[in-house]
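Undergrad: Got a structure for you, questions after.
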């Protein structure tokens with residue numbers, strides 16, 4: 001994955017940022033700074049999945065300039081915080097792999113449905129590939145969206161009875177209403 | 001024969017038997033006497049002659065002082081004599097005393113003969129000559145002169161309970177004396193210690209007067225010396241009836257002594273340091289940790305300028321009662337802003353306080369949201385709390 005230059009916040013160069021603070025008020029500030037940094041970083045890099053075991057390979061959690069790493073347990077706790085606001089979700093029980101939703105699934109769903117409505121594609125069937133990689137979505141926010149995330153977003157729409165997923169082995173498509 | 005005396009065969013002091021011969025007859029000059037077939041003993045002082053068995057039984061015998069002998073010779077046996085008998089001639093000086101009991105009061109001869117009927121085994125003439133030259137009897141008077149005094153105390157008869165009591169008393173007295181000798185040095189030391197305290201006081205006031213003249217370094221060193229002497233009238237448990245009173249006055253004394261030091265150190269002193277400082281100042285009459293702790297615990301209720309404070313980590317310090325965690329945190333935060341970041345060691349060095357207190361100060365600041373930590377493999381450091389500031 002190509003590295004997009006992220007504009008690091010001041011905290012990134014502040015060593016205490018990489019230690020979970022015991023003082024509650026300080027900690028909440030620290031954690032919220034981490035949350036926004038993670039979302040911003042993932043958005044810039046189109047990063048949908050973080051594996052906590054390999055988190056240190058990301059410059060996000062490892063500032064080699066000041067030689068500080070964020071402890072994996074702290075990463076998990078921050079991601080757990082993110083999941084509370086619907087911005088992340090654990091993929092396994094051990095909480096090693098996480099999906100990051102810099103837009104929540106609901107936001108993704110709304111965006112996709114808006115796009116479908118704008119193009120008058122209700123009652124038609126689209127493949128998931130078309131939705132994420134298609135030519136007419138290149139300028140959209142959800143262009144290049146991870147298939148698993150896309151399915152989850154569409155499941156939200158399905159819950160609202162706005163589409164129906166067709167998931168067979170060969171064809172993965174969705175019919176919008 | 002007038003030189004011989006009747007006496008008991010008991011040996012005198014310093015006298016020892018050299019040799020003895022049997023079957024000896026005494027001659028007065030050339031004349032035979034009735035003293036025949038007897039036992040002859042030569043000692044270092046005398047020649048003793050007794051009837052056979054008389055000497056061993058302690059019966060009266062004849063004695064001749066060797067001091068009277070002038071010359072000894074052995075009479076050569078005549079050509080006609082076939083007996084084994086040998087005769088020794090003793091030429092004698094005039095007798096010195098006449099009072100004593102003698103076998104013969106006067107004699108025309110100046111010599112006597114000892115006739116050994118069966119000859120003699122040992123070299124009698126040689127032994128006698130040797131004795132006369134050594135003059136053992138002349139060494140004798142000196143010890144006799146000293147004798148009466150020497151024996152006097154030993155002769156004391158101590159019988160019965162009174163005697164035992166007296167000897168016990170004497171032993172006690174001797175022990176008392178040796179103990180007081182042993183402690184003489186210590187009491188001198190105590191007297192000197194008071195003077196030393198006095199001297200240290202005058203020096204410290206002098207230092208205060210001319211603070212500019214001496215370099216900072218010297219002042220610090222001097223102060224550290226003076227710290228070791230300071231309390232000349234220590235509060236001791238013995239002088240109080242109840243523990244409570246004792247702790248109260250002890251608390252007061254600790255405050256008086258430590259207040260200025262604690263102020264210098266930024267308002268806090270770990271209890272271990274308090275313990276060391278106090279006991280060093282007291283020198284003798286040391287306090288137990290328990291006593292100090294008890295005294296410190298009542299300081300707050302007595303409204304003294306110092307109080308005991310326990311950090312949440314369990315570290316206990318004595319701090320100025322005017323100090324609260326808020327102001328400590330404030331002061332630490334200012335320092336942090338100055339330095340950018342601090343570890344406990346650096347803070348301890350910067351303020352000249354102990355490591356534990358430095359750490360507690362930083363933790364206090366953190367608790368108040370004034371600092372934040374950076375816990376890495378390089379150790380625990382503290383930074384100004386930019387999370388809350390920005």
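The values are calculated or read from the model by the stated rules, or taken from the named source; none is laboratory data. Quantities reported herein were computed from a predicted structural model and do not represent experimental measurements. Don't worry about glycine lacking a Cβ; one is built from the backbone with ideal geometry, like all the others, and counts go over all protein chains shown.
Undergrad: Filter region B:316-327 down to residues that are touching a strand residue (DSSP E or B) at 6+ places or on another chain (Cβ under 8 Å) and at pLDDT below 85 and give me whichever is farthest from residue B:276 (Cα to Cα).
TA: B:323
Undergrad: Here are the criteria: (1) within 18 Å of residue A:141 (Cβ to Cβ); (2) within 14 Å of chain B (Cβ to nearest Cβ). Tell me which single one residue A:74 does not satisfy.
TA: So the condition that residue A:74 fails would be (1).
Undergrad: A follow-up question, please. Pull up region A:13-52, narrow it to residues that are more than 9 Å from every other protein chain (Cβ to nearest Cβ) and buried (at least 20 other Cβ atoms within 10 Å of the Cβ), then point me to the one that is farthest from residue A:101 (Cα to Cα).
TA: Among residues in region A:13-52 that are more than 9 Å from every other protein chain (Cβ to nearest Cβ) and buried (at least 20 other Cβ atoms within 10 Å of the Cβ), the one farthest from residue A:101 (Cα to Cα) is A:34.
Undergrad: Sticking with this structure for a sec: Of everything in region B:351-371, what is over 12 Å from residue B:332 (Cα atoms), in contact with a strand residue (DSSP E or B) (Cβ under 8 Å, 6 or more places away or on another chain) and outside any helix (DSSP H, G or I)? Give them in sequence order.
TA: Within region B:351-371, B:353, B:354 qualify.
Undergrad: Among the numbered criteria (1) outside any loop (DSSP other than H, G, I, E, B); (2) within 21 Å of the chain's Cα centre (by Cα); (3) more than 17 Å from residue B:376 (Cα to Cα), which single criterion is violated by residue A:30?
TA: The one condition residue A:30 does not meet is (3).
Undergrad: I would also like to ask the following. Taking the condition under 15 Å from residue B:102 (Cα atoms) and in the same structural domain as residue B:87 (by TED's automatic domain parsing), does residue B:66 pass?
TA: No.
Undergrad: Determine which member of the set B:363, B:318, B:323, B:342 is farther than 24 Å from residue A:25 by Cβ, touching a residue at least 40 places away in the same chain (Cβ under 8 Å) and either within 11 Å of chain A (Cβ to nearest Cβ) or under 60 Å from the mean Cα position of the chain (by Cα) (or both).
TA: The unique qualifying residue is B:318.
Each row is one residue, and each column tells you yes or no for (1) at pLDDT below 85; (2) within 14 Å of chain A (Cβ to nearest Cβ); (3) buried (at least 18 other Cβ atoms within 10 Å of the Cβ); (4) within 30 Å of residue B:250 (Cβ to Cβ).
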| position | (1), (2), (3), (4) |
| --- | --- |
| B:297 | no, no, no, yes |
| B:303 | no, no, no, yes |
| B:336 | no, yes, yes, no |
| B:348 | no, no, yes, yes |
| B:354 | yes, no, yes, yes |
| B:369 | no, yes, yes, no |
| B:372 | no, yes, yes, no |
| B:380 | no, yes, no, no |
| B:386 | no, yes, no, no |
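Undergrad: Name every residue in region A:50-98 that is out of contact with any strand residue (DSSP E or B) (no Cβ under 8 Å at 6 or more places or on another chain), in a loop (DSSP other than H, G, I, E, B) and in contact (Cβ under 8 Å) with a residue 12 or more places away in the chain, in order of residue number.
TA: A:59, A:60, A:65, A:66, A:71, A:85, A:86, A:95
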